[in-house]
Amino acid sequence: MSVSKIVLAYDGSEDSKFALEWSKSYALQIGAEIAVTSVYDEMPALQAEAASMLIPFATAYANGLKKHLKEIEEEISVYEIAVSTILLKGNPPDEIIHYASQINADLIICGTRGLGGFSSLLLGSVAHKLVAYSPIPVLVVKRPRPGKQDPKSATPAKTL
């Protein structure tokens, strides 16, 4: 399988930051482009009163992601890797899969766990749903835990 277009699911968590570093190294090796994708959800299922209190937080989160995506785009472009960023609104796994299909991505990359709760879960719900439902291959990049492995040794050249 030839990989020329990668969608990276990014939420700002430590695991997604590690997946970003891994993706940069991999894309550089194989000459692929990266589409860094972040998704936020304003939690529309909540009652109107509760939702009205949380929407400002979701908006602030979205604005922070927009700023961070611009920084990521500038950082990656220094390596002469073709890069694009997009901020989507909705259910993260659904939006990531839809976007990856829309741009004919060859691979989706994500970290093992994101910013959601229950950090003791082995695989985050977004990563799990991407693996379970995506028609596009998904690579879940596991970040080394403290005392386990030097993160610099987990480059694609050494793990693939």
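Derivation of every value follows stated rules applied to the coordinates shown; laboratory data play no part. Bear in mind the structure is a predicted one, so any value in this text is a computation, not a measurement. Don't worry about glycine lacking a Cβ; one is built from the backbone with ideal geometry, like all the others, and counts go over all protein chains shown.
For Met1 and Gln29 in one chain, what is 0.36 nm times their gap in residues minus the Cα-Cα distance, to one decimal in nm? Don't skip to the answer; put the middle values down first.
Details: separation 28, 0.36 × 28 = 10.08 nm, distance 1.51 nm.
Here the segment from Met1 to Gln29 would lengthen by 8.6 nm.
I need Leu139, Leu107 ordered by Cβ neighbour count within 10 Å, fewest first.
Values: Leu139 19, Leu107 22.
The order, fewest Cβ neighbours first, is Leu139, Leu107.
Return the aspartates and glutamates within reach of Lys129: Cα separation strictly under 12 angstrom, same-chain partners fewer than 8 residues apart disregarded; answer none if there are no such residues.
Cross-link targets: Asp94, Glu95.
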